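The values are calculated or read from the model by the stated rules, or taken from the named source; none is laboratory data. Since the model is a prediction, treat every value here as computed from it, not as a measurement. Backbone-built Cβ (ideal geometry, glycine too); neighbour counts: all protein chains shown. Please note that ligands, DNA and RNA were not included when accessible areas were found on the heavy atoms of the full protein model with its side chains. Shrake-Rupley method; radii C 1.70, N 1.55, O 1.52, S 1.80 Å.
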Amino acid sequence: MLKNPVRYIKGVGEKRAFVLSKLGIHTAQDLLYHFPRRWEDRRHFKKIRELVDGEKVAILGRVLDAESTVTRKGLVIVKAVIDDVSGVAYLTWFNQPYMKKRFKALRGKRIVAYGTVKKNRFGVEIENPEWEEVEEEEGKESLNLGRIVPIYPLTEGISQLQMRKIISNALDILTPTIVDIIPPWIREKRKLLPLSQALREIHFPTSAQSLAQARRRLVYEEFFLLQLILALRQKEYKEEKGRSLEFDVFGELEKVLPFTLTNAQRKVIEEVANDMKKGHPMNRLIQGDVGSGKTIVAVAAILIAVRCGYQCALMAPTEILAEQHFIVLSNLLFPLGIKLSLLVGGMTQKEKQMTKKLIAEGETDVVIGTHALLEEDVEFKNLGLVIIDEQHRFGVMQRATLRQKGLNPEVLVMTATPIPRTLALTVYGDLDISIIDELPPGRRPVKTFWVPKSKRKWAYAFVREEIKKGRQAYAVCPLIEESEKLQAEAAEKLASDLARLLPDVRIGLLHGQMRPKEKEQIMREFRDKKIDLLVSTPVIEVGIDVPNATVMVIEDADRFGLAQLHQLRGRVGRGEEQSYCILIATPRSEEAKRRLQVMTETNDGFRIAEEDLAIRGPGEFFGTRQHGLPDLKLANILKDVKILEEAREDALELVVQDPHLRKPEHRLLAKEIRERFGDAIEMLDIG
């Protein structure tokens, strides 16, 4: 019955089913899992004489009368008068003339009403209240008043009262059919309410304590199902037959690196090397703050794979980042006799075909590219290592598509967006995680300033002074979401404006609409100090490494998210000189002000990530739902950490007990996972 279309629930029907579909409610189960966004305590009635202006209250009284008036502009105002012995209050409706007749019929009857109090010279008033007649028959419980009342997310065409009634009807019909998918031993261990009771209490709680218990039960279920999928994925990876790749990578790295590895880099490279020689595929996430040296870890993994006779693929989210990786890796690996190729969308058809031929024939050791690597006609002769940079820009299925181009290749995922631990457990729980928590020696924290648009000339005067000292700078144009073409035009305009403002400064321009060779030329000139100020779109947020650049100016910084601002700031501070980030913005919203304030207070990427997560929530933190897992409806990964950890512990234990969920007591669980998660688990052998 839970999978039946919602239209069959009493009070729904075809027309209302269409309205509910806008809220993602299609089945009876969807309706039961359409949780309130908050609850209001309407258990206690207040005397009319005690009412305070602006408070939300429930009152109980008898209807004395109802009258209507029409203003000069034709607005119909209906006022009903109710009395509770301590005083009278007016209930007011606008352009609802039928309310007069309704309340005339209720004279002498008791009603309860709920709303916001307005006190004025005419007395006490509640506009557009929720209300209902007090039923004289015993045992009839109100859904709207005299209790803790659910407030639901709605859409046009359905009211709170209607939603409460429909969900109450659904609970009455469906409660006997609800089967608990959480195994009994876990329910007992964690003292969880039965699912049917939790669903009733989350919608219509009998007390604040029962609401808390219901929420805990349902949050646990959300986390448990998620962690179970991640644990099953991790088990699948561990069971896959891989290859044992062993090579003394540190000896070879020392030949090409112009610096000494940090202890953190050395530790993470050892973790990667140990993974690669285990005989089952590596599946590891490397995270570290901007400038911490994740690229060197990638180089180490590439060296191990190539020296053991395998090809490598590195996928980056933008062409500029792919091109930057190609330049950096070529400089390090070409002297060691390793052949590299670039494959991006901006190449000509002829260039692409030539590169694909080299890949298929095994004539290239390392191919670096964008989504172009996922195209069907990209075939590898012997793919042994997949590296994905800025993983949060890609989805689970894209990672899987690239893996399938080889026979169980090693997988290394990298991100320069620090991820709070709870979010890493929620989204990347199927990966082993390494953190590079140390910056190279000599790095100074970047000093960050937030200046209003009125001080823009001061900002560029400061840039000119830094350039006079022989330094270089970036200026990033405002973020425009509509198209890369509009973004390019914005960058061109900024470059033109700055050329007039700074006539003695050599200005370069970089944006996504330029040909790969043009972009490469501009970056080469900037690195060779032939350009003083590089004007760019936000495409430079990752991967650009010019130690002589000491100033980053971000125009309209309030349009950017915290993670992106931190990434852009990470383009400077890579040399020994003091570096600066200037945020030009006059924000209107409190949220934008908070983001800019955080940027001026800290350079710690993990603290910034925590703040970003708190401001935007997990879905927005990643920009998309591409991680291939559904949104959490009740769970809050910042506040429900203890429940998350319990769910993870139990999921891991269950997978050890029953790796394919084939025991009779787990079959319903396997069925529910398949139905609820679809594509995200299509490769799992369960049930």
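Taking the charge dipole of the chain about its Cα centre, with +1 at Lys and Arg Cβ atoms and -1 at Asp and Glu Cβ atoms, the residue from Q311, I480, S330 reaching farthest to the positive side is I480.
Toward the positive end of the charge dipole of region 231-297, with +1 on the Cβ of Lys and Arg and -1 on the Cβ of Asp and Glu, the farthest Cα among A264, L232, M282 is that of L232. The magnitude of the dipole of region 251-308, with charges of +1 and -1 set on the Cβ of Lys/Arg and Asp/Glu and taken from the Cα centre, is near 120 debye. Please give me, ordered by residue number, the trypsin sites (Lys or Arg not before Pro) of region 75-141 that lie in loop per DSSP and have at most 15 other Cβ atoms within 10 Å. Here the sparse-neighbourhood loop sites are R107, K109, R121, K140. E375 contributes an accessible area of around 70 Å² to the protein surface, as traced by a 1.4 Å probe with all chains present. Select from V535, G115, P150 the residue farthest towards the positive end of the dipole of the chain; place +1 on Cβ of Lys and Arg, -1 on Cβ of Asp and Glu, and compute about the Cα centre. Among V535, G115, P150, the one farthest towards the positive end of the dipole of the chain is G115. Which entries of K46/K593; K191/K241; K642/K663; K3/K241; K73/K101; K73/K165 have Cα-Cα distances beyond 32 Å here? Over 32 Å apart, Cα to Cα: K46/K593; K191/K241; K3/K241; K73/K165.
Mind listing which trypsin sites (Lys or Arg not before Pro) in region 184-241 are in a DSSP loop and have 15 or fewer other Cβ atoms within 10 Å? Show your work: numbers first, answer last.
On the way: sites: R187, K189, R190, K191, R200, R215, R216, R217, R233, K235, K238, K241; in loops: K191, K241.
Within region 184-241, the qualifying trypsin sites (Lys or Arg not before Pro) (loop, at most 15 other Cβ atoms within 10 Å) are K191, K241.
Where [x] 95, 70, 44; [y] 71, 68, 64; [z] 92, 59, 46 are the candidate values, the label of the one calculated here for Cα extents along the principal axes in Å is [x]. For trypsin sites (Lys or Arg not before Pro), the sites in region 382-480 that DSSP calls loop and that have at most 13 other Cβ atoms within 10 Å are K469.
The calculated FRET efficiency for R515 paired with S330, based on their beta-carbon distance and R0 = 30 Å, is about 0.95. Rounded, prolate or oblate, given the Cα gyration tensor of region 238-348, with a/c below 1.5 counting as rounded? Cα axes put region 238-348 in the rounded bin. In debye, nearest 20, what is the charge dipole magnitude of region 27-156 about its Cα centre with +1 on Lys and Arg Cβ and -1 on Asp and Glu Cβ, if you could check? That gives region 27-156 a dipole magnitude of about 600 debye. Computed from phi, the 3J(HN,Hα) profile of region 147-152 under the Karplus parametrisation 6.51, -1.76, 1.60 (θ = phi - 60°) reads 7, 7, 10, x, 10, 9 Hz, with x in place of Gly and Pro. Among 318-325, 662-669, 423-430, 32-39, the peptide with the highest mean count of other Cβ atoms within 10 Å heads the list, and the full ranking is 318-325, 423-430, 32-39, 662-669.
At 222 nm, what value in deg cm²/dmol follows for the chain if DSSP H runs of at least 4 each add -39500 (n - 2.57) and the sum is divided by all its residues, to the nearest 500? Don't skip to the answer; put the middle values down first.
Details: 22 runs with 270 residues, N = 687.
Result for the chain, helices only: -12500 deg cm²/dmol.
From the Cα gyration tensor of region 513-595, with a ≥ b ≥ c the square roots of its eigenvalues, which class applies: rounded if a/c is under 1.5, or else prolate if a/b is larger than b/c, or else oblate?
It comes out prolate by the Cα gyration axes.
Placing pseudo-labels 7 Å out from each Cα toward the beta carbon at T260 and L486 gives an inter-label distance of 5.2 nm. Share of carbon and sulfur in the accessible area of the chain stands at 51%, probe radius 1.4 Å.
With the contact rule set at Cα under 8 Å and sequence spacing of 6 or more, what percent relative contact order holds for the chain?
Details: 1250 pairs, mean separation 83.5, N = 687.
Here the relative contact order equals 12 percent.
Remark: the chain carries 45 Å² of accessible area per residue (probe radius 1.4 Å; ligands, DNA and RNA excluded).
Can you flag which of K15/K109; K350/K519; K339/K519 are past 26 Å Cα-Cα?
Values: K15/K109 34 Å; K350/K519 19 Å; K339/K519 22 Å.
Correct reply: K15/K109.
The number of Lys pairs in region 385-518 with C-alpha atoms less than 26 Å apart, excluding pairs fewer than 8 positions apart on the same chain, is 18. Under the rule a/c < 1.5 gives rounded, and otherwise a/b versus b/c splits prolate from oblate, where does region 213-256 land using the Cα gyration tensor? Verdict is oblate for region 213-256.
For the chain, a simple Cβ point-charge model (Lys and Arg +1, Asp and Glu -1, everything else neutral) yields a dipole of about 2020 debye relative to the Cα centre.
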